[in-house]
Amino acid sequence: MKYYSTRDKSIKVSFREAVLTGIPLDKGLYFPETIPSLETEFIEELSNLSNEEIAFECISKFSGKDIDEAPLKRIVSETINFKFPCNKLSDDISVLELFHGPTMAFKDIGARFTSRVLSYFNLSSKKKITVLVATSGDTGAAVASGFYGVEGVDVFILFPKDRISKVQEKQITSLSGNIYPLEVNGSFDDCQRMVKEALTDNDLRSKFNFTTANSINISRWIPQTLYYFFAYKQLTDNGKDIAVSIPSGNFGNLFSCLVAVGMGLPFQKVIASNNLNDTFTKFIESNIYKPKKSVKTISSAMDVGDPSNFIRVMEFFLNDYSNIKDLVSAYSFDDSETKNCIKVLSEKYNYICDPHGAVGYLGVQKHKEKNKDFNYIFLGTAHFSKFMDEIKDCIKEPISYPKKIEQLLSKDGESYKIKTYLEFKNYINSIDS
Ligand SMILES: *Cc1c(COP(=O)(O)O)cnc(C)c1O
């Protein structure tokens, strides 16, 4: 499998090179030359296959000859060594819980895969790999955990000041070692811009072996395609069409779902559920894509005003707006709707949902108002305790942190503070070489 740059299709690289470099020099994004298709029999047999078998079959289509069978099997089984339960809330609504990994948010799977693939490709090299990541919270936590102590890899994590939760901040700042947290006086979009700038900065590139673990790296979204196969295999077939609601920010996860559908997974509707950062919702309504500054919400991991993976979503639909609307719907919700939803879910189903999952549930409700029967799945993208301050007000009974989180919160955290790209660059330069 080869990957081309969305800016210039004549630039084609292997899986290995796409993962190692993260982003093409022309600042496009790598995109698979073809969306691989799975055999119908494989899809029909999903419920009889183990997660490992499904994962190997799907991921090997993307990695091709670049990773041999035995190491790929090892990487894949280490990546997905936790549960992905799909729990029924009501007859026609289930929640796929993606927060049973080490940092309790769905980004663990992409980070675990990326760290293992990078370290596999770098085995024979003497030069360190330097990973740059911008985070709205959960990516940084997952990457810090996934890469901590990995030999030959340094990781710089940029997070926006005052815009991530206490738990997320501690997950990022309490590790030290090969993990370098940077607190940016700005938004997530500012963090992302700085990372992109560094990755294409020839000065730095001559010195460092850069890559990124953001969802702009193909190794982040490739394993995320698995969620949808895992969900499908747990659903009981009631003859209804299937709709999945994805709480979205940078649209890596939604893009992964489109790829899974492209590979043959029979989902009939993909719902992009957004908070007030409604650039994509507006686009679906109007065919006008107008990036804006991100606004702060209680579902902070989705506070993205210019989603990086929009380009890939468009590429998937051959850049033709008329292709999108059949498959994708989009809705946006404000914080008061989200808070109310957390309350309702707890009262009606005794289910405690984090603000991101709640936005996903709201997307289901909204879609249900106007459409025929579907079998709905929404994604629970984080464990509620990562966003305790936000949910405490919505739920009557007292809720406490799991022990693991209590311990984490009592640790010290440390980060380097920056405001401009130049400060970032100087910091990177001061660390290594
Ligand atoms: C990252 C994140 C999202 C958004 O995912 P994207 O792939 O960026 O669209 C949603 N919920 C949580 C909890 C997240 O951490």
How would you rank 328, 244, 344, going from fewest to most other Cβ atoms within 10 Å of each one's own Cβ?
344, 328, 244
Can you tell me the dipole magnitude for the stretch 118-243 around its Cα centre, using point charges on the Cβ only (Lys, Arg +1; Asp, Glu -1), in Debye to the nearest 20?
280
Taking 7 Å along the Cα-to-C-beta vector as the label spot, tell me the residue 90-residue 11 distance in nanometres, rounded to one decimal.
4.8
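Kindly give the semi-axes, whole Å and largest first, of the ellipsoid equivalent to the stretch 114-273, taking each as the square root of 5 times a Cα gyration tensor eigenvalue.
32, 19, 15
Out of the GluC sites (Glu not before Pro) in the stretch 104-208, which ones are loop residues according to DSSP with at most 13 other C-beta atoms within 10 Å? Numbers along the way, then the final one.
Details: sites: 151, 169, 183, 197; in loops: 151.
Taking the stretch 104-208 and a limit of 13 other Cβ atoms within 10 Å, the loop GluC sites (Glu not before Pro) found are 151.
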Quick one: if the Förster radius is 35 Å, what FRET efficiency do residue 43 and residue 317 give, using the C-beta to C-beta distance and rounding to 0.05?
0.95
Taking the Cα centre of the stretch 43-123 as the origin and placing charges on Cβ (Lys, Arg +1; Asp, Glu -1), which of 86, 56, 71 is farthest toward the positive end of the dipole?
71
How far apart, in nm, are two points set 7 Å out from the Cα along the Cα-to-Cβ line at residue 241 and at residue 203?
5.4
Note: the chain, point scatterers on Cα, Debye, no solvent; log10 I/I(0) at q = 0.06, 0.07, 0.12, 0.14 Å⁻¹ equals -0.22, -0.30, -0.97, -1.38
Provide the FRET efficiency to the nearest 0.05 for the residue 123-residue 411 pair, computing r from the beta carbons and using R0 = 30 Å.
0.40
Shape of the stretch 294-433 from its Cα gyration tensor (a ≥ b ≥ c, root eigenvalues): rounded if a/c is under 1.5, otherwise prolate when a/b > b/c, or oblate?
oblate
Using helices alone, what [θ] at 222 nm do you get for the chain, with -39,500 (n - 2.57) per DSSP H run of 4 or more residues, divided over all residues and rounded to the nearest 500?
-12500 deg cm²/dmol
Stokes-Einstein D for the stretch 330-388 at 25 °C, 0.890 mPa s, Kirkwood Rh over Cα pairs, in µm²/s?
208
With +1 assigned to the C-beta of every Lys and Arg and -1 to the C-beta of every Asp and Glu, and no other charges, what is the dipole magnitude of the chain about the Cα centre in debye, to the nearest 20?
740
So what are the three principal axis dimensions of the stretch 204-298 from its Cα atoms, in whole Å, longest to shortest?
56, 33, 27
Given a Förster distance of 25 Å, report the FRET efficiency between residue 340 and residue 293 from their Cβ-Cβ distance, rounded to the nearest 0.05.
0.45
Rank the residues 154, 66, 203, 334 as a footprinting-exposure proxy: fewest other Cβ atoms within 10 Å of their Cβ go first.
203, 334, 66, 154
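Check each of the trypsin sites (Lys or Arg not before Pro) in the stretch 255-300 and keep only those in coil by DSSP with at most 12 other C-beta atoms within 10 angstrom; list them in order. Intermediate values should be presented prior to the final figure.
Values: sites: 269, 282, 292, 293, 296; in loops: 292, 293, 296.
Of the trypsin sites (Lys or Arg not before Pro), the ones in loops of the stretch 255-300 whose Cβ has at most 12 other Cβ atoms within 10 Å are 292, 293.
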Computed Kirkwood radius, in angstrom, where 1/r is averaged over Cα pairs of the stretch 1-59
13.2
Rounded to whole Å, give me the distance from the Cα center of the stretch 233-267 to that of the stretch 386-426.
30
Relative contact order for the stretch 214-311 using alpha-carbon pairs under 8 Å, separation at least 6, rounded to a whole percent?
29
Write down the percent of antiparallel bridges among all DSSP beta bridges whose residues are both part of the chain, to the nearest 5.
20
Along each principal axis of its Cα atoms, how long is the stretch 51-168 end to end? Whole angstroms, biggest number first, please.
54, 41, 19
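Hull surface divided by four, with the convex hull built on the Cα atoms of the stretch 242-293: how many nm²?
In nm², the orientation-averaged hull projection of the stretch 242-293 is 3.8.
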How high is the relative contact order of the chain, given as a whole-number percent (alpha carbon pairs under 8 Å, six or more residues apart)?
19
Full-extension gain in nm, residue 53 to residue 420, via 0.36 nm per residue minus C-alpha separation:
127.5 nm
Would you order 100, 367 from fewest to most other beta-carbon atoms within 10 Å of each residue's own beta-carbon?
100, 367
What spacing in nm lies between the two simple spin-label points modelled at residue 427 and residue 34, each 7 Å away from Cα in the Cβ direction?
4.5
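FYI, it's all coordinate maths here, none of it is from the lab. Small disclaimer: the values here were computed from a predicted structure and weren't measured. Cβ sites come from the backbone with ideal geometry, for glycine too, and all protein chains shown count toward neighbours.
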